[in-house]
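Peer 1: One structure coming up, written as structure tokens, with questions to follow.
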Amino acid sequence: MYALASYPYRCPVAPEARRAKVKLRHLLYGKKPHVYRVIYEIDELRQAVWVLTIRHGARRKLKTSDLG
């Protein structure tokens, strides 16, 4: 996850982001069966990466209401 600071665009756009029209990306982290999804947003103005949530990969997809 620390590599996101250097290469934030290396991960694909999250499927939930397309419906919500938000620029979110997701990183799959870990080895099966312990895979986690890191949902994050890139703040280009501040040159920062904001991690919004870390979820177990087996959980349901993220809803727009979960983002706050």
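The values are calculated or read from the model by the stated rules, or taken from the named source; none is laboratory data. None of the values given here were measured: they were computed from a predicted structure. As a convention, Cβ positions derive from the backbone with ideal geometry for all residues, glycine included, and neighbour counts pool all protein chains shown.
Peer 1: Scan segment 34-53 for residues that are of a type outside the set (D, E, K, R) and free of Cβ contacts under 8 Å to residues at least 24 places away in the same chain and jot them down.
Peer 2: 34, 35, 36, 45, 47, 48, 50, 53
Peer 1: Could you tell me how many of the residues in segment 26-46 are within 10 Å of the chain's Cα centre (by Cα) and farther than 20 Å from residue 58 by Cβ?
Peer 2: 2
Peer 1: So, in segment 12-28, exactly how many residues are surrounded by 14 or more Cβ atoms within 10 Å (Cβ to Cβ) and in contact (Cβ under 8 Å) with a residue 24 or more places away in the chain?
Peer 2: Count: 6.
Peer 1: Follow-up. Within segment 9-63, which residues are in a strand (DSSP E or B) and at pLDDT below 85?
Peer 2: Result: 56, single match.
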